[in-house]
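Written below as structure tokens is the structure these notes are about.
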Ligand code: PBG
């Protein structure tokens, strides 16, 4: 494989000049590679900062246009919507998930009415933004029930599809939910609604700031280890992906991102399907706070994002997506 030999071969020759480095670059990043997560909040005229995620905000619906306009202008292909839910709208069953007037439903309708198909919308299917215990499903005092949860997730997915959501993204890690959702979508006339499965989602401490952003932080009882994956495992990730492909997933996600580049690579090489990586809130928070404190250079952002491409990701969900043009200029 490796040919040539020093001194006739000098790899530094092609690294010497900027034009030459640009010529031989193997990976690159554009706005097409990014999905922008957006946090929604009730109320009016709100663009609320999130202390653990400097530069990221929660938007009230009347302020949503400002961020969607920007995403479209810089050619981000898709946004992912996440609701902040106050305690008063949370309950044991997470029934706000099925309220057709909830924040996510209203936001989907607003965006689709104004922007049509100029930008894709992806929505999480999971109950954690709405439950009083912070778990992704129906919680039976110490265990999240699988099949009972799927029945609710099907309805949540159907509601999102009916509102106009383009990409349904089950992020709950219940067994068998992708197949059940695909079947229900087809039956309800949503054959063209895509499914992006959070197929490989690890039980991770990197989600901390997100739970703050959606208001789940102080509610979570225990941990999510009985449904999210053990970070010691790799073969299990391939089994998860294999199952979700069979069940009808159009794309799969690996999450978190940076500590799991090996998983992205294996999934891509094994299955040759579209793979998304999620640069999660904890990654964002560590990078941004390190930059703000002057401990690391801003170039750390592009270096991290390119690593996903090198590993084989087709696109990256990143809280930096709306600032990609500035990042590429650094
Ligand atoms: C909900 C969900 C989580 C994230 C995305 N969807 C948190 C969790 O599972 O606890 C995390 C995203 C991030 O940290 O940026 N199921």
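Side notes on the structure shown:
- Relative intensity, log₁₀ I(q)/I(0), of segment 161-310 from a Debye sum that treats every alpha carbon as a point, q = 0.12, 0.17 Å⁻¹: -0.57, -1.05
- Shape call, segment 31-95: gyration tensor on alpha carbons, a/c limit 1.5: prolate
- Anisotropy class of segment 116-198 from Cα gyration tensor, a/c 1.5 cut: prolate
- Contact order relative to length of the chain, as percent, for alpha carbon pairs under 8 angstrom and 6 or more apart: 18 percent
- Folded to 0 to 90 degrees: helix 64-73 orientation relative to the chain principal axis, Cα: 30 degrees
- A crude spin-label estimate for the pair residue 220 and residue 48, with each label 7 Å from Cα along the Cβ direction, gives 2.0 nm.
- Choice from 176, 215, 257 with maximal GNM fluctuation in the chain (Cα, 10 Å cutoff): 176
- Label zone at residue 132, where the point sits 7 Å out along the Cα-to-Cβ direction: segment 204-218 residues whose backbone N lies under 19 Å: 215-218
- Cβ-based exposure ranking for 280, 200, 152, in which fewest neighbours within 10 Å come first: 152, 280, 200
- Anisotropy class of the chain from Cα gyration tensor, a/c 1.5 cut: prolate
- Fully extending the segment from residue 23 to residue 2, taken as 0.36 nm per residue of separation minus the present Cα-Cα distance, adds 5.5 nm.
- Cα long-axis angle, helix 146-163 against the chain (0 to 90 degrees, to the nearest 10): 80 degrees
- Using a cutoff of 8 angstrom between alpha carbon atoms and counting only pairs six or more residues apart, the relative contact order for segment 176-234 works out to 36 percent.
- Highest mobility in the GNM of the chain, judged by mean-square fluctuation with C-alpha springs under 10 Å and restricted to 217, 246, 265, is found for 246.
- With the simple spin-label model, which puts each label point 7 Å out from Cα in the Cβ direction, the residue 114 to residue 12 separation comes to 5.5 nm.
- Among 124, 230, 136, the residue with the largest mean-square fluctuation in a Gaussian network model of the chain, with springs joining Cα atoms closer than 10 Å, is 230.
- You can think of it this way: the chain between residue 143 and residue 188 has 13.1 nm of extra reach, that is 0.36 nm per residue less the Cα-Cα gap.
- Helix 103-115 axis versus longest C-alpha principal axis of the chain: approximately 60°, rounded to the nearest ten.
- Rounded to the nearest 5, the antiparallel percentage of DSSP beta bridges internal to segment 29-328 is 15%.
Each value in this text was obtained by applying a stated rule to the coordinates, not by laboratory testing. If you're wondering where the values come from, they're calculated on a predicted model, not measured in any experiment. Don't worry about glycine lacking a Cβ; one is built from the backbone with ideal geometry, like all the others, and counts go over all protein chains shown.
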